[in-house]
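Below is one structure, written out as structure tokens; comments come after it.
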Amino acid sequence: MPKIAYVENRFQKATLDIIEKANRIIDDWQAKGFKLTVRQIYYRFIALDWFPASWIDDAYNAKKGLPKGTKNTLRNYKRLIDILVIGRLGGLIDWTSIEDRTRSLKGMSHWDTTKEYLDSVRNAYRLDKWATQKVRFELWFEKDALSGIAQHIATQDDIDVQFFSSRGYNSESAMWAAAQRLNWYREELGQDTVILQFSDHDPSGIDIGRDIKDRFDLFNCPVTVKRMALTIAQVRKFKLPPNPAKENDIRFAGYVEKFGNESWEMDALEPDYMNDITRKAILGARDEKDWNAKKAIEDTQRELMKGVRVPKFGFGAVRRDMSPNVVFDGESGLLDLADAAATIGKQVREKWLAAGKPIGLVNVGVQFIYADQSPESHRKVTKKKGGKRGK
């Protein structure tokens, strides 16, 4: 856990108290496998009433139309941000413990050797164990800031569902693409889809579920949209801190009639609670016998892939006129990539057939090869079924 000091600071006792409490929240969430945003830390402070009484400013609250005595203000949110910044710069808060989910570096993956690549492929190898289930689930989160929580929940090995961040109301392009995907599940696999939907409890957040269902209906896509959070029952159960509902939202009047002029954010809800209710909804509807059978095949195939030996590729004096399909082998000269693929494919086929195990599709890095078929017959199969062809 890197706590690296870049600036020397002499912290006041009140500031050190805030930093110590922030670290307690961070440690608790990290132990559960979650990373936090600053806003999630802030809402834990509000929920636990950990800000000092001196942070109450009723003159400010009155000016902003906030309840008397509240600490849940934009001013205090910015104050906490400042403390977290100087805490990290001063070496008191782990630099990796707080993430910015809106700014990230993207690019292509690279490996030093083909063995490293095959190892990564083996570790990432998954069967679509939902393909033979009667129902399929997706997680849809309104807020991109909570995508880290969505990813943690969705990518657990025994859950393995897709997740999506809409960033508010969905675009027409995203909704149309989703309708094509879910209709394919229904028409080709005979599966119904349930969208587990998460959004703020505010005028727009409450309406988003209705909007999703209406637009799926427009695209002739039968789907079940189940609101998982945030609900008024959850707000009351966990006594979540309120915010004023936005009066400039065109849905404000209808919202106020049902819930009053207060709203609540998803960020205030504990992520392990979101995880628990999601797991309960998914596991309660799944055919475990079918799932476990697919998981056994997946584990066997992944284990068998460990025996694949990789030709030794070297990087030498490569001529400019060399074909891009040729690599330089330090021991035997030039080696065609197709030959390398055939070599690896033969090893996979022999090992799997000897084991007498069910056979699936293996990505060996050069081309896709069926372990029980030649590359030529695989091309025929994929062309007939419309699958992805090997290179």
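So which of 111, 95, 55 is at pLDDT 95 or above, surrounded by fewer than 19 Cβ atoms within 10 Å (Cβ to Cβ) and among the aromatic types (Phe, Trp, Tyr)?
Values: 111 fails: at pLDDT 95 or above; 95 fails: at pLDDT 95 or above.
Checking each option against the conditions leaves just 55.
Would you check which residues across the stretch 222-249 are of a type in the set (S, T, N, Q) and not in a loop (DSSP other than H, G, I, E, B) and list them?
At the first step, the residues of the stretch 222-249 found to be of a type in the set (S, T, N, Q) are 224, 231, 234, 243, 248.
Listed by number, the residues that qualify are 224, 234, 243.
Can you name the residue in the stretch 65-87 that is in contact (Cβ under 8 Å) with a residue 24 or more places away in the chain and of a type in the set (Lys, Arg) and is also farthest from residue 36 (Cα to Cα) among such residues?
It comes out as 71.
Can you pull out the residues in the stretch 220-250 that are farther than 30 Å from residue 135 by Cβ, aliphatic (A, V, I, L, M) and surrounded by 13 or more Cβ atoms within 10 Å (Cβ to Cβ)?
Across the stretch 220-250, the qualifying residues are 240, 245.
Identify all residues within the stretch 78-110 that are assigned to a loop (DSSP other than H, G, I, E, B) and touching a Leu at 6+ places or on another chain (Cβ under 9 Å); write none if there are none.
The initial filter retains those residues of the stretch 78-110 that are assigned to a loop (DSSP other than H, G, I, E, B), namely 91-97, 99-110.
Selection gives 92, 93, 97, 99, 101.
From (1) surrounded by fewer than 15 Cβ atoms within 10 Å (Cβ to Cβ); (2) touching a residue at least 12 places away in the same chain (Cβ under 8 Å); (3) more than 17 Å from residue 139 (Cα to Cα), pick out the condition that doesn't hold for residue 253.
For residue 253, the failing item is (2).
Those residues that are over 20 Å from residue 276 (Cβ atoms), surrounded by fewer than 11 Cβ atoms within 10 Å (Cβ to Cβ) and either charged (D, E, K, R) or free of Cβ contacts under 8 Å to residues at least 12 places away in the same chain (or both), I need them from the stretch 1-52; list them, please.
Listed by number, the residues that qualify are 8, 10, 12, 13, 49.
Please go through the stretch 98-108 and pick out each residue that is among the charged types (D, E, K, R) and surrounded by 10 or more Cβ atoms within 10 Å (Cβ to Cβ). Before you say what the answer is, go through the steps one by one.
The first filter runs over the stretch 98-108 and keeps only residues among the charged types (D, E, K, R), leaving 99-101, 103, 106.
Result: 99, 101.
Of the residues that make up the stretch 204-219, is at least one among the polar types (S, T, N, Q), in contact with a strand residue (DSSP E or B) (Cβ under 8 Å, 6 or more places away or on another chain), touching a residue at least 12 places away in the same chain (Cβ under 8 Å) and surrounded by 14 or more Cβ atoms within 10 Å (Cβ to Cβ)? I'd like the intermediate steps shown before the answer.
First, the residues of the stretch 204-219 that are among the polar types (S, T, N, Q): 204.
This time we only want the ones that are in contact with a strand residue (DSSP E or B) (Cβ under 8 Å, 6 or more places away or on another chain), so: none.
No; the residues of the stretch 204-219 include none that is among the polar types (S, T, N, Q), in contact with a strand residue (DSSP E or B) (Cβ under 8 Å, 6 or more places away or on another chain), touching a residue at least 12 places away in the same chain (Cβ under 8 Å) and surrounded by 14 or more Cβ atoms within 10 Å (Cβ to Cβ).
Within the bounds of the stretch 4-20, is there any residue that is in a helix (DSSP H, G or I), closer than 24 Å to residue 260 by Cβ and not aromatic (Phe, Trp, Tyr)? If you could, list the steps in order and put the result at the bottom.
Step one: list which residues in the stretch 4-20 are in a helix (DSSP H, G or I), which gives 13-20.
Narrowing further to those that are closer than 24 Å to residue 260 by Cβ: none.
No, there is no match, as no residue in the stretch 4-20 is in a helix (DSSP H, G or I), closer than 24 Å to residue 260 by Cβ and not aromatic (Phe, Trp, Tyr).
The values are calculated or read from the model by the stated rules, or taken from the named source; none is laboratory data. In this text the structure is predicted, and so the values were computed from the model without any measurement. Positions of Cβ are generated from backbone atoms using ideal geometry, with glycine treated the same way; all protein chains shown enter the neighbour counts.
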